[in-house]
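Only one structure is covered here, and it is reproduced in the block below.
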Amino acid sequence: MKQPLKTSNGNTLLIVHSGTINTDAGPDFFNAKVKIDDTLWAGNIEIHINASDWKNHKHQSDKKYDNVILHVVYHYDTEVFYANGKPIPTLEIKNIIPPLMLRKYHQLQLQQNTIACEKIIVLPSSLNLTNWLGRLLIERLQDKCEFFESLLIQNNNHWEESFYTITARYFGMKTNAQPFEWLAQNLPLSVLAKHKNSLIQVEALVFGVAGFLEEDYQNSYINLMKREFDFLKTKYNLKPIDKSVWKFARTRPANFPSVRLVQFASLIYHSSHLLSKVLEAKNIQELIKLYSINPNKKLNPFLFIAHQTNAKQTPLGKSSIELLLINTVLPVLFLYGKRNDKEELSERALIFYEDIKPENNAISRFWQSLGIEIKSSFESQALIQLKNKYCNELKCLSCNIGKEILLNNNA
Ligand code: SF4
């Protein structure tokens, strides 16, 4: 049986609830509960290497620390007091942490490999690992939703408009994400919706606001688009962006902005109320079908003018659609469920991640080289979060793999 904990004053201590971690200013854990002898206390916990850090950090004169109920220190080098002169209950952990655990922790902190535990990794049980990956995926989705949440604020909580903007960004990939976002901002979805039954008008609006119809071309289809756009531009007071913002250099022909604009126009033309359709999709096949759009059969001449002779008019490939779902559509579906008390939609987003194959990128290949089998994008996304937000920042104590290593006597 474990020894009961004792405070530095010899009182019996039970940590009933360690509280929630606080990453902002103030005590390290909020809303904790501890029992000291027979009294239950509710409040905050502060952690330091030395007890004297309390004074060094001037907590005695900082009101944020008035409600600290327990001071946890590695080394109890001095007694510290509340403003009223009473001693703060303190737990010293120097003699509680097993030396082997401490040694392994130092070993992790000093590792020079790609990740700290690369040479000593110990995986938790499959249930524990699955739970940990699930938590990581949810964290990743919350991170991914931050940008979308800022769009919602900009668009007065208009979900379809914000979804249209974030979808546009995706079509720009990394290189042309910003021009695509400007395009969506200058071309409201409400304008496109009024012309969704005419492909030539949708293409004219997209290429026109993208700045491609400001010059003269010797091509009858482009001239037709130009005439349509001149009329619509005046009608809706549209402001084309400068064509020079689009980047063709160092871009594969399949990702040329002109190719992506054709695909984007095609998606808009074929799928009005896109977000509503995403919310209605019952399985991953329905979602993939929604984005499997064949562009206009008539070849768009913009694919064949200067710099673009290698470009082809192609539909979005299955891999591109899966990446679009992973990075853009499913995070929004997850957030929509959370924000609108429709938990079943958030859960559906997680299930869809399980139905998409894992991405093949440097991070997933790295985890595979350590013997971790990655079965779906649920796991590959979680492992990206683990690498970027935990391993790279040496947060091994907050990682379930790290805890397994520290607790495992054979590692
Ligand atoms: S955060 Fe976890 S997986 Fe990453 S290096 Fe530390 S213990 Fe290993």
Taking region 364-375 on its own, how many of its residues are more than 13 Å from the ligand (Cβ to nearest atom), surrounded by 13 or more Cβ atoms within 10 Å (Cβ to Cβ) and outside any loop (DSSP other than H, G, I, E, B)? 2
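In this structure, does Phe378 turn out to be within 12 Å of the ligand (Cβ to nearest atom), in a helix (DSSP H, G or I) and touching a residue at least 40 places away in the same chain (Cβ under 8 Å)? Before the answer, list the steps.
Values: within 12 Å of the ligand (Cβ to nearest atom): no; in a helix (DSSP H, G or I): yes; touching a residue at least 40 places away in the same chain (Cβ under 8 Å): yes.
The answer is no for Phe378.
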Working only within region 136-187, note down all residues that are aromatic (Phe, Trp, Tyr) and assigned by TED's automatic domain parsing to the domain that holds Phe229. Trp159, Phe163, Tyr164, Tyr170, Phe171, Phe180, Trp182
(1) surrounded by 15 or more Cβ atoms within 10 Å (Cβ to Cβ); (2) of a type in the set (Gly, Ala, Ser); (3) closer than 16 Å to Ser271 by Cα all hold for Ser190 apart from (1)
Taking region 83-117 and keeping residues open to solvent by 50 Å² or more (accessible area, probe 1.4 Å), in contact (Cβ under 8 Å) with a residue 60 or more places away in the chain and touching a strand residue (DSSP E or B) at 6+ places or on another chain (Cβ under 7 Å) leaves Pro87, Glu92
So is Pro124 open to solvent by less than 80 Å² (accessible area, probe 1.4 Å) and either within 15 Å of the ligand (Cβ to nearest atom) or over 25 Å from Glu373 (Cα atoms) (or both) or not? yes
Only one of Ile351, Ile401 is within 16 Å of the ligand (Cβ to nearest atom) and either at negative phi or in contact (Cβ under 8 Å) with a residue 24 or more places away in the chain (or both); which? Ile401
Would you confirm whether any residue within region 383-394 is more than 17 Å from the chain's Cα centre (by Cα), within 10 Å of the ligand (Cβ to nearest atom) and over 17 Å from Pro124 (Cα atoms)? yes
Answer yes if at least one residue in region 229-238 is of a type in the set (Val, Ile, Thr) and open to solvent by less than 10 Å² (accessible area, probe 1.4 Å), and no otherwise. no
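The values are calculated or read from the model by the stated rules, or taken from the named source; none is laboratory data. This is a predicted model, so every value here is computed, not measured. Note that each Cβ is placed from the backbone with ideal geometry, even for glycine, and that neighbours are counted across all protein chains shown. Accessible surface areas use protein heavy atoms only, side chains included; no ligands, DNA or RNA. Shrake-Rupley method; radii C 1.70, N 1.55, O 1.52, S 1.80 Å.
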